[in-house]
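Down below is the structure, laid out as C-alpha coordinates.
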Amino acid sequence: MKLGVNIDHIATLRNARGGIEPKLVEAAEIILKENILALTMHLREDRRHIKDKDLYDIKALGAKINLEMAATNEIQKIALDIVPYSVCIVPEKRLEITTEGGLDVNKQKDKLKEFIKPLKEKGILVSMFIDPEINQIEASRYIDADYIEMHTGCFSNAFDNGNYTKELDKLKKSAKYAKDIGLKVNAGHGLNYKNVYLMKEIKEISELNIGHSIISRAVFVGIQKAVKEMLELIK
Ligand code: PXP
(Lines give C-alpha, C1' and ligand atoms only; values in the text may rest on other atoms or scores of the structure.)
Protein backbone atom coordinates (compact mmCIF):
# COMPACT_ATOMS: atom_id res chain seq x y z
CA MET A 1 0.00 0.00 0.00
CA LYS A 2 1.49 3.31 -1.13
CA LEU A 3 1.00 6.80 0.27
CA GLY A 4 -0.02 9.96 -1.52
CA VAL A 5 0.51 12.99 0.72
CA ASN A 6 -2.04 15.74 0.21
CA ILE A 7 -0.28 19.08 0.68
CA ASP A 8 -3.28 21.38 0.21
CA HIS A 9 -3.23 22.57 3.80
CA ILE A 10 0.33 23.80 3.63
CA ALA A 11 -1.06 26.17 1.01
CA THR A 12 -4.04 26.93 3.27
CA LEU A 13 -1.63 28.09 5.98
CA ARG A 14 0.42 30.12 3.52
CA ASN A 15 -2.69 31.79 2.14
CA ALA A 16 -3.88 32.74 5.63
CA ARG A 17 -1.31 35.56 5.55
CA GLY A 18 -1.35 36.03 1.80
CA GLY A 19 2.44 35.71 1.71
CA ILE A 20 4.92 33.02 0.70
CA GLU A 21 5.39 31.06 3.96
CA PRO A 22 5.31 28.17 4.55
CA LYS A 23 6.78 27.47 1.13
CA LEU A 24 5.06 24.62 -0.62
CA VAL A 25 8.16 23.71 -2.59
CA GLU A 26 10.24 23.46 0.58
CA ALA A 27 7.68 21.11 2.13
CA ALA A 28 7.50 19.08 -1.06
CA GLU A 29 11.27 18.66 -1.14
CA ILE A 30 11.25 17.26 2.40
CA ILE A 31 8.29 14.94 1.75
CA LEU A 32 9.79 13.66 -1.49
CA LYS A 33 12.77 12.29 0.46
CA GLU A 34 10.39 9.74 1.93
CA ASN A 35 9.07 6.64 0.17
CA ILE A 36 5.81 8.13 -1.02
CA LEU A 37 4.03 7.56 -4.31
CA ALA A 38 2.88 11.07 -5.11
CA LEU A 39 2.06 14.53 -3.87
CA THR A 40 -1.68 15.08 -4.00
CA MET A 41 -3.00 18.56 -4.74
CA HIS A 42 -6.54 19.77 -5.24
CA LEU A 43 -6.85 22.74 -7.58
CA ARG A 44 -10.24 24.02 -6.49
CA GLU A 45 -12.33 26.28 -8.62
CA ASP A 46 -12.01 29.05 -6.01
CA ARG A 47 -8.23 28.42 -5.57
CA ARG A 48 -8.68 28.54 -1.81
CA HIS A 49 -5.45 26.62 -1.20
CA ILE A 50 -3.45 25.34 -4.19
CA LYS A 51 -2.87 27.97 -6.89
CA ASP A 52 -2.03 27.28 -10.52
CA LYS A 53 1.61 28.31 -10.00
CA ASP A 54 1.97 25.78 -7.17
CA LEU A 55 1.25 22.98 -9.60
CA TYR A 56 3.91 24.17 -12.01
CA ASP A 57 6.43 24.67 -9.17
CA ILE A 58 5.88 21.18 -7.80
CA LYS A 59 5.96 19.65 -11.26
CA ALA A 60 9.32 21.39 -11.82
CA LEU A 61 10.71 19.39 -8.88
CA GLY A 62 10.06 16.27 -10.93
CA ALA A 63 7.44 15.10 -8.44
CA LYS A 64 4.65 12.74 -9.30
CA ILE A 65 1.46 14.74 -8.87
CA ASN A 66 -1.97 13.31 -8.17
CA LEU A 67 -4.24 16.17 -9.17
CA GLU A 68 -7.66 16.24 -7.57
CA MET A 69 -10.02 18.15 -9.78
CA ALA A 70 -13.62 18.84 -10.61
CA ALA A 71 -14.83 17.83 -14.06
CA THR A 72 -14.74 21.33 -15.53
CA ASN A 73 -13.23 22.51 -18.79
CA GLU A 74 -11.11 25.13 -17.04
CA ILE A 75 -9.32 22.64 -14.81
CA GLN A 76 -9.14 20.02 -17.55
CA LYS A 77 -7.15 22.48 -19.67
CA ILE A 78 -4.63 22.95 -16.85
CA ALA A 79 -4.40 19.19 -16.28
CA LEU A 80 -3.67 18.64 -19.97
CA ASP A 81 -0.88 21.21 -19.75
CA ILE A 82 0.65 19.95 -16.49
CA VAL A 83 0.25 16.23 -17.34
CA PRO A 84 0.23 14.96 -13.75
CA TYR A 85 0.90 11.32 -12.96
CA SER A 86 -2.76 10.87 -12.12
CA VAL A 87 -5.98 12.82 -11.72
CA CYS A 88 -8.76 12.09 -9.30
CA ILE A 89 -12.10 13.48 -10.38
CA VAL A 90 -13.98 14.85 -7.37
CA PRO A 91 -17.29 16.61 -6.85
CA GLU A 92 -16.92 20.21 -5.82
CA LYS A 93 -19.31 22.51 -4.08
CA ARG A 94 -18.18 26.06 -3.43
CA LEU A 95 -19.34 26.31 0.14
CA GLU A 96 -18.20 22.93 1.42
CA ILE A 97 -15.24 22.92 3.80
CA THR A 98 -13.82 19.76 2.25
CA THR A 99 -14.98 17.19 -0.32
CA GLU A 100 -18.04 15.95 1.49
CA GLY A 101 -19.19 13.00 -0.57
CA GLY A 102 -18.22 10.92 -3.54
CA LEU A 103 -18.85 11.88 -7.14
CA ASP A 104 -22.09 10.64 -8.68
CA VAL A 105 -20.44 8.97 -11.67
CA ASN A 106 -23.54 6.95 -12.43
CA LYS A 107 -25.64 10.04 -13.03
CA GLN A 108 -23.27 11.55 -15.58
CA LYS A 109 -21.49 8.55 -17.05
CA ASP A 110 -21.54 9.53 -20.70
CA LYS A 111 -20.41 13.08 -19.96
CA LEU A 112 -17.57 11.81 -17.74
CA LYS A 113 -16.53 9.20 -20.29
CA GLU A 114 -15.97 11.98 -22.82
CA PHE A 115 -14.38 14.24 -20.20
CA ILE A 116 -11.64 11.80 -19.22
CA LYS A 117 -10.78 10.68 -22.77
CA PRO A 118 -8.26 13.47 -23.53
CA LEU A 119 -6.66 12.97 -20.11
CA LYS A 120 -6.21 9.26 -20.75
CA GLU A 121 -4.88 9.96 -24.22
CA LYS A 122 -2.08 11.97 -22.58
CA GLY A 123 -1.20 8.93 -20.49
CA ILE A 124 -2.61 10.35 -17.24
CA LEU A 125 -4.09 7.73 -14.91
CA VAL A 126 -7.69 8.58 -14.09
CA SER A 127 -9.39 7.89 -10.79
CA MET A 128 -12.98 8.51 -9.67
CA PHE A 129 -13.58 9.62 -6.09
CA ILE A 130 -16.74 7.71 -5.19
CA ASP A 131 -18.68 6.44 -2.24
CA PRO A 132 -18.25 2.68 -1.78
CA GLU A 133 -21.35 1.70 -3.77
CA ILE A 134 -21.71 -0.93 -6.47
CA ASN A 135 -23.50 1.30 -8.99
CA GLN A 136 -20.75 3.93 -8.75
CA ILE A 137 -18.07 1.27 -9.20
CA GLU A 138 -19.84 -0.15 -12.26
CA ALA A 139 -20.23 3.34 -13.69
CA SER A 140 -16.51 4.01 -13.14
CA ARG A 141 -15.74 0.83 -15.07
CA TYR A 142 -18.14 1.83 -17.83
CA ILE A 143 -16.45 5.18 -18.36
CA ASP A 144 -13.06 3.44 -18.54
CA ALA A 145 -11.47 4.93 -15.41
CA ASP A 146 -8.25 3.27 -14.26
CA TYR A 147 -8.92 3.61 -10.55
CA ILE A 148 -11.62 4.30 -8.07
CA GLU A 149 -10.76 6.18 -4.89
CA MET A 150 -13.15 5.08 -2.18
CA HIS A 151 -14.36 7.96 0.01
CA THR A 152 -13.48 6.86 3.54
CA GLY A 153 -15.25 9.76 5.26
CA CYS A 154 -18.16 7.67 6.59
CA PHE A 155 -15.76 5.01 7.82
CA SER A 156 -13.63 7.64 9.58
CA ASN A 157 -16.67 9.21 11.26
CA ALA A 158 -17.93 5.77 12.31
CA PHE A 159 -14.49 4.98 13.74
CA ASP A 160 -14.68 8.11 15.90
CA ASN A 161 -18.13 7.01 17.08
CA GLY A 162 -16.81 3.60 18.07
CA ASN A 163 -18.71 1.37 15.65
CA TYR A 164 -17.05 1.15 12.29
CA THR A 165 -17.69 -2.51 11.33
CA LYS A 166 -20.48 -1.80 8.85
CA GLU A 167 -18.58 0.96 7.09
CA LEU A 168 -15.36 -1.05 6.97
CA ASP A 169 -17.31 -3.95 5.51
CA LYS A 170 -18.71 -1.69 2.78
CA LEU A 171 -15.19 -0.63 1.87
CA LYS A 172 -14.01 -4.25 1.80
CA LYS A 173 -16.84 -5.42 -0.43
CA SER A 174 -16.50 -2.45 -2.76
CA ALA A 175 -12.75 -2.88 -3.10
CA LYS A 176 -13.18 -6.55 -3.96
CA TYR A 177 -15.93 -5.85 -6.47
CA ALA A 178 -13.91 -3.10 -8.15
CA LYS A 179 -10.82 -5.28 -8.42
CA ASP A 180 -12.87 -8.16 -9.81
CA ILE A 181 -14.21 -6.00 -12.64
CA GLY A 182 -10.79 -4.64 -13.52
CA LEU A 183 -10.43 -1.41 -11.57
CA LYS A 184 -7.56 -0.48 -9.32
CA VAL A 185 -8.50 0.78 -5.87
CA ASN A 186 -7.34 3.76 -3.82
CA ALA A 187 -8.90 5.24 -0.70
CA GLY A 188 -8.87 8.45 1.24
CA HIS A 189 -10.56 11.14 3.31
CA GLY A 190 -10.51 11.43 7.07
CA LEU A 191 -7.84 8.75 7.50
CA ASN A 192 -5.53 9.40 10.44
CA TYR A 193 -2.90 7.88 12.72
CA LYS A 194 -5.53 6.03 14.75
CA ASN A 195 -7.80 4.53 12.08
CA VAL A 196 -5.42 3.93 9.19
CA TYR A 197 -4.30 0.48 10.40
CA LEU A 198 -7.70 -0.89 9.43
CA MET A 199 -7.02 -0.10 5.76
CA LYS A 200 -4.44 -2.88 5.84
CA GLU A 201 -7.37 -5.33 6.07
CA ILE A 202 -8.34 -4.32 2.53
CA LYS A 203 -5.71 -5.99 0.42
CA GLU A 204 -7.02 -4.55 -2.86
CA ILE A 205 -6.02 -0.99 -1.93
CA SER A 206 -3.01 0.29 -3.90
CA GLU A 207 -2.79 3.79 -2.51
CA LEU A 208 -4.04 5.94 0.33
CA ASN A 209 -4.34 9.69 -0.08
CA ILE A 210 -4.00 11.43 3.25
CA GLY A 211 -3.74 15.12 3.99
CA HIS A 212 -5.35 16.73 7.00
CA SER A 213 -4.03 14.38 9.66
CA ILE A 214 -0.46 14.43 8.32
CA ILE A 215 -0.32 18.22 8.09
CA SER A 216 -1.88 18.51 11.56
CA ARG A 217 0.71 16.11 13.00
CA ALA A 218 3.46 18.06 11.25
CA VAL A 219 2.63 21.09 13.40
CA PHE A 220 3.94 19.14 16.40
CA VAL A 221 6.65 16.88 14.99
CA GLY A 222 7.61 18.36 11.62
CA ILE A 223 6.51 17.25 8.18
CA GLN A 224 9.24 14.66 7.66
CA LYS A 225 8.50 12.82 10.90
CA ALA A 226 4.75 13.06 10.30
CA VAL A 227 5.15 11.38 6.90
CA LYS A 228 7.58 8.78 8.27
CA GLU A 229 5.12 7.86 11.05
CA MET A 230 2.26 7.42 8.57
CA LEU A 231 4.41 5.30 6.27
CA GLU A 232 5.31 3.10 9.23
CA LEU A 233 1.62 2.59 10.06
CA ILE A 234 0.64 1.47 6.56
CA LYS A 235 3.64 -0.80 6.02
N1 PXP B 1 -8.86 12.06 -1.38
C2 PXP B 1 -9.65 13.02 -1.93
C3 PXP B 1 -10.23 12.76 -3.27
C4 PXP B 1 -9.91 14.22 -1.25
O5 PXP B 1 -10.71 15.15 -1.81
C6 PXP B 1 -9.30 14.44 -0.01
C7 PXP B 1 -9.53 15.74 0.70
O8 PXP B 1 -8.97 16.76 -0.04
C9 PXP B 1 -8.44 13.45 0.49
C10 PXP B 1 -8.27 12.26 -0.20
C11 PXP B 1 -7.70 13.63 1.77
O12 PXP B 1 -8.55 13.78 2.84
P13 PXP B 1 -7.97 14.21 4.26
O14 PXP B 1 -7.43 15.59 4.11
O15 PXP B 1 -9.14 14.11 5.16
O16 PXP B 1 -6.88 13.23 4.58
Inset, instruction - For the chain, set up a Gaussian network in which alpha carbons nearer than 10 Å are linked by springs, and say which option among A79, A38, A27 fluctuates the most. - result: A27
Inset, instruction - Can you grab the distance from the C-alpha centre of region 92-165 to the C-alpha centre of region 1-69, Å, no decimals? - result: 21 Å
Legend entry - For region 72-204, alpha-carbon Rg relative to the globular expectation (2.2 N^0.38 Å, N residues): 1.06
Legend entry - Accessible area of region 107-198 belonging to carbon and sulfur atoms, whole % at 1.4 Å probe: 49 percent
Inset, instruction - State in Å² the accessible area per residue of region 115-235; use a 1.4 Å probe, count heavy atoms of protein chains only, and round to the nearest integer. - result: 47 Å²
Legend entry - Note, ³J(HN,Hα) from phi for region 129-146, Karplus 6.51, -1.76, 1.60, rounded to Hz, x at Gly and Pro: 7, 10, 6, x, 10, 4, 5, 6, 5, 4, 5, 5, 5, 4, 7, 6, 5, 7
Inset, instruction - For K51, go through the lysines and keep the ones whose alpha-carbon is under 21 Å away, minus same-chain ones fewer than eight residues off. - result: K23, K59, K64, K77, K93
Inset, instruction - Rounded, prolate or oblate: pick one for region 36-125, where a ≥ b ≥ c are the square roots of the eigenvalues of its C-alpha gyration tensor, a/c under 1.5 means rounded, and failing that, prolate if a/b is larger than b/c, else oblate. - result: oblate
Legend entry - Sum of side-chain charges, D8 neighbourhood, beta-carbon under 12 Å (Lys, Arg +1; Asp, Glu -1): +3
Legend entry - Of all DSSP beta bridges in the chain, antiparallel share, percent nearest 5: 0 percent
Inset, instruction - Determine by what factor the alpha-carbon radius of gyration of the chain differs from 2.2 N^0.38 Å, reporting the quotient. - result: 0.95
Inset, instruction - Select from S213, S140, S86 the residue whose mean-square fluctuation is largest in a Gaussian network model of the chain (Cα-Cα springs shorter than 10 Å). - result: S213
Inset, instruction - Note the full-extension length gain between D144 and K200 as 0.36 nm times their separation in residues minus their Cα-Cα distance, in nm to one decimal. - result: 17.5 nm
Legend entry - Compactness of region 137-235 - radius of gyration and Dmax, Cα, Å: 14.2, 44
Inset, instruction - Just order 53-60, 168-175 by mean Cβ neighbour count inside 10 Å, highest at the front, would you? - result: 168-175, 53-60
Legend entry - Residue with peak Gaussian network fluctuation, the chain [Cα springs, cutoff 10 Å], from I89, I124, I78: I78
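The values are calculated or read from the model by the stated rules, or taken from the named source; none is laboratory data. In this text, all values refer to a predicted model and were calculated from it rather than measured experimentally. All Cβ positions, glycine included, derive from the backbone under ideal geometry; neighbour counts span all protein chains shown. Protein only, heavy atoms only, side chains kept; ligands, DNA and RNA dropped before computing areas. Shrake-Rupley method; radii C 1.70, N 1.55, O 1.52, S 1.80 Å.
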